[in-house]
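Encoded as structure tokens, the structure appears first; notes follow it.
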Amino acid sequence: MQLDDLYRRVIMDHYKNPRNRGSMEEDAVTVNLNNPTCGDRISLQMQLQDGIVKQAKFTGEGCSISLSSASMMTDAVKGKTYEEALEMAERFSSLMQGEPVEFDYEELEALSGVSKFPARIKCATLAWNALRKGIEHDGQNG
Amino acid sequence: MNARELREQFPILQQQVNGHPLVYLDNAATSQKPRAVLDAVSRYYEFSNSNVHRGVHTLGSRATDAYEGARERVARFIGAGSTQEIIFTRGTTTALNLVAASYAREACGEGDEIVLTPMEHHSNLIPWQQVAKATGAVLRYIPLQSDGTIRIEDVEATITDRTKVVSVMYVSNVLGVINPIKEITEIAHRHGAVMVVDGAQSTPHLKVDVRELDCDFYAFSGHKMCGPTGIGVLYGKKHLLERMEPVEFGGEMIDHVDLYDSTWKELPWKFEGGTPIIAGAVGLAAAIDFLEEIGMDAIDQHEKTLAAYAFDRLSTIEGISLYGPTSGRVGLITFNLGDVHPHDVATVLDAEGIAVRAGHHCCQPLMRWLEVTATARASFYLYNDEADVDALVDGLLKTKEFFGHAIG
């Protein structure tokens, strides 16, 4: 078990300098999720319009893995259609199962090491679960 | 007592984890099991396994003797007056839920009070919330001092004549604080309330005498005290248990069954519906034998010495926050390492073979009181020694270095 497999430099960079951290004033879909095993929580806000994720921001508390994953996810899904975003979430789940997966937002692949740390998979998937919930909610209303 | 020698009796502790000898410091979550307990459980299955209280055959008698013998062993261990006061449950949670669902729902009405503390484990909090919702009773909390201790004057001020139940943990699984149960019980009784004690963290580590404490109910789990998972105990004073209704119904707990009505067995069996946790009880009895051979006072002393050593050594780490009082505590230390999230701390320590807990420890209200989302916790038992504390300190220094470079 190599710690460097888990804590890659790009992950630490997102942890230290999270992208899209903050909240939105505009009319946004808000999803609050927590990880009941550790108390970590994320509040994801998305501006969803015409089936497209226009903007995504997050606030919350968590470990390096959950915060860097949220940072990357909010960057990666911006401008994607619901379908593309959900498909990306699906591929992220495969990545967590240790399957070789590629992303056009390549930095996500740095999280592949999490699959070797089963206790930490829930940390990495928290933001993606919030994404799914937000889009599914909007899909039902829209 | 010699912790290193005792450790040899625990097969699981002989392994390497991630290339390092395992340093197991998550004992407040669950303890490891000595060979004597593992053997007792497998011997039971190999030679005596049968259902209890019904078979006329030889194995049936052996299993019944083993199960009821375990009940006697437990009664002696905690100083109960009679085996009728010892109910086997799945664990502390089930035991506390039994008191809440049976005793408290009957005893509490609109405007009555249930007194707790903000440090309670979810298992000694949520059952009472449910009672309050169902009966209209009100939850009241004894406030904590800044170091997490309770003052008797605050207990006096919180418990009133409307208080029907007081339920407090003997030892906190986060703060390590030992609560003044005997004094709280005395105050509860003066107001006509019953005293319930969550003994999950005290029973494995301290000598407990329920009649000395004079509490009305006392709950604990086997798995935190060298016994198997899935077995726990509810002690209750006989006169209270007698007037309580069972909460689980079925085989084993009945006296006479008709198509439209039934009657219950006498204590303690009326609370043990279904085939009981026979092997678990046998394992728990073996665990008690093991602990008493070492001596509960010796275990207590060993852990307090180790906790003081750990507190001193951890305090030297720059940027560390230690929670709970500096003295009068058991062998567990809850901490945070600067801004490094406890999950990350636990993962780096795990890479060094050191097992600690990270999270809210089933105490979300207490985490909010501490103004943190989560903490890391190292908790010791009879097989831990100063070398384990040293390994922890080295591991934490590595964590700091790792995250210092990574995010600093």
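The values are calculated or read from the model by the stated rules, or taken from the named source; none is laboratory data. Note that the structure is predicted; figures quoted are calculated from it, not measured. No Cβ is skipped: glycine too gets one built from the backbone with ideal geometry, and neighbour counts run over all protein chains shown. In case anyone asks, the SASA skips ligands and DNA or RNA and just uses the protein heavy atoms, side chains included. Shrake-Rupley method; radii C 1.70, N 1.55, O 1.52, S 1.80 Å.
Which one, B:VAL340, B:VAL348, B:VAL138, has the greatest fluctuation when you compute a Gaussian network model over chain B with C-alpha springs under 10 angstrom? Maximum fluctuation in the GNM of chain B, among the listed residues, is at B:VAL340.
Kirkwood analysis of the stretch A:84-126, using all unique Cα-Cα pairs, places the hydrodynamic radius at 10.3 Å.
Residues whose amide H lies under 5 Å from that of B:ILE354, counting only those 5 or more places away or on a different chain, are B:VAL23; hydrogens are built 1.01 Å from N in the peptide plane.
By definition, a body whose alpha carbon gyration tensor gives a ≥ b ≥ c is oblate when a/c is 1.5 or more and a/b is not larger than b/c, and the stretch B:37-293 fits this oblate description. Positive end of the dipole of chain A (Cβ unit charges, origin at the Cα centre): among A:CYS63, A:THR30, A:LEU86, the Cα lying farthest that way belongs to A:CYS63. Placing a label point 7 Å from the Cα of A:ARG91 along the Cα-to-Cβ direction, the residues of the stretch A:63-77 whose backbone N falls under 18 Å from that point are A:69-77.
Report summary: the helix-based calculation at 222 nm, which adds -39500 (n - 2.57) for every DSSP H run with n ≥ 4 and divides by the residues of the protein assembly as shown, gives -12000 deg cm²/dmol. Shown here is the pair-distance distribution of the stretch B:46-199: with all Cα-Cα distances grouped in 10 Å bins from zero up to the longest one, the shares run 10, 33, 30, 15, 9, 2, 0 percent.
By DSSP, the beta bridges lying fully in chain A are antiparallel in about 95 percent of cases.
A dipole drawn for chain B from +1 and -1 charges on Cβ atoms has a positive end, and of B:CYS215, B:VAL165, B:TYR103 the residue lying farthest that way is B:TYR103. Both radii come from the Cα set of chain A: Rg as radius of gyration, Rh as Kirkwood radius; their ratio Rg/Rh reads 0.95.
For chain A, the Cβ-based charge dipole about the Cα centre amounts to some 540 debye (Lys, Arg positive; Asp, Glu negative; other atoms uncharged). With axes computed from alpha carbons, what is the tilt in degrees of helix A:121-141 against the longest principal axis of chain A, rounded to the nearest 10 within 0 to 90? The angle comes out near 10 degrees. Please find, in a Gaussian network model of chain A (springs between Cα atoms separated by less than 10 Å), the residue of A:TYR82, A:TYR105, A:TYR15 whose mean-square fluctuation is greatest. It is A:TYR105.
List the pairs from B:LYS33/B:LYS270; A:LYS16/B:LYS398; B:LYS207/B:LYS237; B:LYS237/B:LYS265; A:LYS116/B:LYS224 whose alpha-carbon separation is above 24 Å, in the order I gave them. Over 24 Å apart, Cα to Cα: B:LYS33/B:LYS270; A:LYS116/B:LYS224.
Positive contributions from Lys and Arg (+1) and negative ones from Asp and Glu (-1), summed over other residues with Cβ under 12 Å from the Cβ of B:ALA101, come out at -2. With the charge dipole of chain A set up from +1 on Lys and Arg Cβ and -1 on Asp and Glu Cβ about the Cα centre, the Cα lying farthest toward the positive end among the listed residues A:ILE42, A:THR74, A:SER112 is that of A:ILE42. Looking at the protein assembly as shown alone, DSSP beta bridges between its own residues are antiparallel in about 70 percent of cases. For the stretch A:7-18, the Karplus equation 6.51 cos²θ - 1.76 cosθ + 1.60, evaluated at θ = phi - 60°, returns couplings of 9, 5, 4, 5, 5, 4, 5, 5, 5, 6, 10, x Hz by residue, with Gly and Pro reported as x.
Tell me, what is the percent relative contact order of chain A, built from C-alpha pairs under 8 Å that lie six or more residues apart?
28
Counting only Cα atoms, the protein assembly as shown measures 71, 56, 55 Å along its principal axes, largest extent leading. Show me the trypsin sites (Lys or Arg not before Pro) within the stretch B:79-154 that DSSP assigns to loop and that have at most 14 other Cβ atoms within 10 Å of their Cβ. Answer in residue order: B:ARG151. If you take every residue apart from B:PRO34 with its C-beta less than 11 Å away from the C-beta of B:PRO34, what net charge results, scoring Lys and Arg +1 and Asp and Glu -1? Cβ neighbours under 11 Å give a net charge of -1.
Among the GluC sites (Glu not before Pro) in the stretch B:1-95, those placed in a DSSP loop whose Cβ has at most 15 other Cβ atoms within 10 Å are B:GLU8. Each Lys or Arg adds one and each Asp or Glu subtracts one; over the other residues with Cβ under 13 Å from the Cβ of B:ARG4, this totals -4.
Within chain A, what whole-number % of the accessible surface is contributed by carbon and sulfur, with the 1.4 Å probe and all protein chains included in the calculation?
Taking all protein chains in place, chain A shows 43 percent carbon and sulfur surface.
Here chain B carries DSSP beta bridges of which approximately 60% are antiparallel, counting only pairs with both residues inside. Note on A:3-13: average number of Cβ atoms from other chains within 10 Å of each residue's Cβ is 3.
Once the Cα atoms are used to define both axes, helix A:82-96 deviates from the longest principal axis of chain A by about 20 degrees.
Applying the criteria of a DSSP loop state and at most 14 other Cβ atoms within 10 Å to the GluC sites (Glu not before Pro) of the stretch B:110-202 yields B:GLU110.
Averaged over the residues of A:56-66, the number of partner chain Cβ atoms lying within 10 Å of the residue Cβ comes to 3.
Largest GNM mean-square fluctuation across A:THR125, A:THR37, A:THR59, computed for chain A with C-alpha springs under 10 Å, falls on A:THR37. Within 10 Å of the Cβ of each residue in A:35-46, the mean number of Cβ atoms contributed by other protein chains is 4.
Loop exposure criterion: GluC sites (Glu not before Pro), DSSP state outside H, G, I, E and B, at most 15 other Cβ atoms within 10 Å. Applied to chain A, the longest stretch between such sites is A:27-101.
Taking the Cα centre of the stretch B:66-112 as origin and assigning +1 to Lys and Arg Cβ atoms and -1 to Asp and Glu Cβ atoms, the resulting dipole is close to 300 debye.
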